[in-house]
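Worksheet: the structure to be examined is printed underneath.
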Amino acid sequence: MPVTANAIAQTVLTLRRAFNEGLTRDLDWRKGQLAALERMMAENEAAIAEALKADLGKPFGEACTAEIDLVSKEAAHARKNLRRWNKPQRTGTPLAILPGKSFVVPSPFGVTLIIGAWNYPFQLVLSPLIGAIAAGNCAIIKPSELAPASSALLKQLVEQYLDPKAYAVIEGPADVSTTLLAQHFDLIFYTGGERVGRIVMEAAAKNLTPVVLELGGQNPCIVDETADLAVAARRIVWGRFLNAGQICVAPDHVYVAASVEARLLDELKRAVATMFGPDPKQSPDFGRIVNPRHAARLQALLDNGRAVTGGQADIEDCYVAPTILTEVPANAAVLREEIFGPILPVLPYQTLDVPLAAINARSPALALYAFTRNPQTADRILAETRSGSATINDTVVFMANPNLPFGGVGASGMGSYHGHYSFKAFSHQRAVLKRGFALDASVRYPPFTPSKLSMLRRVT
């Protein structure tokens, strides 16, 4: 049954009433909701994996590692650290306004909106939700309609495990998102592409609503002549072809020193065969593209170079083979857009200046990767580029560290989350000054720009 604008407005009103009545303020209540979220993931592992298989052909191991376990562990991490995160932070107080005590107090925004993406339909809404719960907010979740099995299960589980007065899931096509964005929220968290990110930001501006945007972009990877090529190839292949390449932090293209290009291509080809066998289409460890339209889009990119391995596609089966491309023209479409699929262009370079110039000519990436044994090269790459995150000698695994912020910069996004950063993303840092009533009547008031004598009188 279609969701009406009135039903959406009523849901927002229900959540706002619960927030205004203080339902989400109690820390024990928040910890209870986080514990319920942990149970939700553990008790429904098989059902979640089945939904992910239906939507994306996602292998069971990937479903557990990147969705179920990641969310469960992040919820546990937030629950265990919540009291410390929520504790007011004492700051200094200038002499001019003594006596007094100054604090920064985390304060919830209120009613928030979380709009997720289809490639990780559980993780990309539940991970932000952990921050919303921990910080004391209410939240409406809008899952992607492109992952219908996951969306339906998510709605069922959230309604079963979490407090319906504070948290709701609203399903539906893109126009439902448009209706949601017309409501007044206190913070909007969006994960998806740059085009829709601009629409979200424009809608938020009408109500002066703050936003966290987790977008994407082309994530470059540099492999220099000193790198361990076998290790680099395995880690690049794993990061590129995880979730059939449908991951916003996958390496999008590899710049390799020309002197080792042939050896790296051999190692990449070997790594693909090791991970997915002689026919990846039959591999239980390789997923599918979300729908035929995206599979056809990717198929059109396969002829943008020479395939060292892969190059096949079956649109009806939503299958695109893990493909390594070389001899890619500089103006190829595969280099102009975020690929978001299992295709990896490999581009040789003569000097490091070449990939650095190419990287800096684009908008800042969400992630940047480099493989090198030379610490000076690593430092130069970090110093001369911009990106939301950077990893030396690996790909993607930085996402598993809850102590690191995850977020973009520029066109790849704004704001960050994961771990404590999720709590901070959903918290207003409220300035609080507590003063007493003792005041020397001889001192000029208000106490701005006082003389040294008046300052001394106030202190003594």
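The values are calculated or read from the model by the stated rules, or taken from the named source; none is laboratory data. Only a predicted model underlies this, so the values are computations on that prediction, with no experimental measurement involved. Here the Cβ is made from the backbone with ideal geometry for all residues, glycine too, and neighbour counts use every protein chain on show. Calculation scope for accessible area: heavy atoms of the full protein, side chains included, ligands and nucleic acids excluded. Shrake-Rupley method; radii C 1.70, N 1.55, O 1.52, S 1.80 Å.
Couple of notes before you dig in:
- Residue check for Gln183: touching a helix residue (DSSP H, G or I) at 6+ places or on another chain (Cβ under 7 Å), assigned to a loop (DSSP other than H, G, I, E, B) and not charged (D, E, K, R): yes
- Any hit, the range 143-160, residues being charged (D, E, K, R), in contact with a Gly (Cβ under 9 Å, 6 or more places away or on another chain) and within 19 Å of Trp29 (Cα to Cα): no
- Exactly one residue out of Ala46, Ala5 is at negative phi and modelled with pLDDT of 95 or more, and it is Ala46.
- Selection of the range 162-178 for residues being among the β-branched types (Val, Ile, Thr) and either surrounded by fewer than 17 Cβ atoms within 10 Å (Cβ to Cβ) or in contact with an Asp or Glu (Cβ under 6 Å, 6 or more places away or on another chain) (or both) yields only Thr178.
- Test: Leu146 is part of a loop (DSSP other than H, G, I, E, B), aliphatic (A, V, I, L, M) and within 23 Å of Met40 (Cβ to Cβ): yes
- Pairs linking a residue in the range 349-362 that is open to solvent by 70 Å² or more (accessible area, probe 1.4 Å) to a residue that is assigned to a helix (DSSP H, G or I), with Cβ atoms under 8 Å and 6 or more positions apart or on different chains, are Gln350/Ala258.
- For beta carbons closer than 6 Å, sequence separation of 6+ or different chains, a first residue in the range 133-151 that is on the phi > 0 side of the Ramachandran plot and a second that is polar (S, T, N, Q) and assigned to a loop (DSSP other than H, G, I, E, B), the qualifying pairs are Gly136/Thr24.
- Checking every residue in the range 402-423 against the condition of being open to solvent by less than 20 Å² (accessible area, probe 1.4 Å), aliphatic (A, V, I, L, M) and farther than 29 Å from Asn86 by Cα gives zero matches.
- Met399, sole failed condition from (1) part of a loop (DSSP other than H, G, I, E, B); (2) in contact with a Phe, Trp or Tyr (Cβ under 9 Å, 6 or more places away or on another chain); (3) touching a residue at least 40 places away in the same chain (Cβ under 8 Å): (1)
- Neighbours by Cβ (under 6 Å, 6+ apart or cross-chain): first from the range 51-67, within 14 Å of Ser144 (Cα to Cα); second surrounded by fewer than 19 Cβ atoms within 10 Å (Cβ to Cβ): Ala51/Ala149; Asp55/Ala149
- Qualifying residue in the range 386-396 (condition: open to solvent by less than 30 Å² (accessible area, probe 1.4 Å), among the aliphatic types (A, V, I, L, M) and closer than 16 Å to Leu124 by Cβ): yes
- Applying a threshold of 8 Å to beta carbon distances and a minimum spacing of six or more residues, or different chains, the list of pairs starting in the range 15-26 at a residue that is within 18 Å of Leu82 (Cα to Cα) and ending at one that is assigned to a helix (DSSP H, G or I) reads Leu23/Trp29; Thr24/Ala18; Thr24/Arg30; Thr24/Ile133.
- Residue satisfying condition, being modelled with pLDDT under 95 and either open to solvent by less than 80 Å² (accessible area, probe 1.4 Å) or in contact with a strand residue (DSSP E or B) (Cβ under 6 Å, 6 or more places away or on another chain) (or both), within set Pro375, Pro345, Pro446: Pro446
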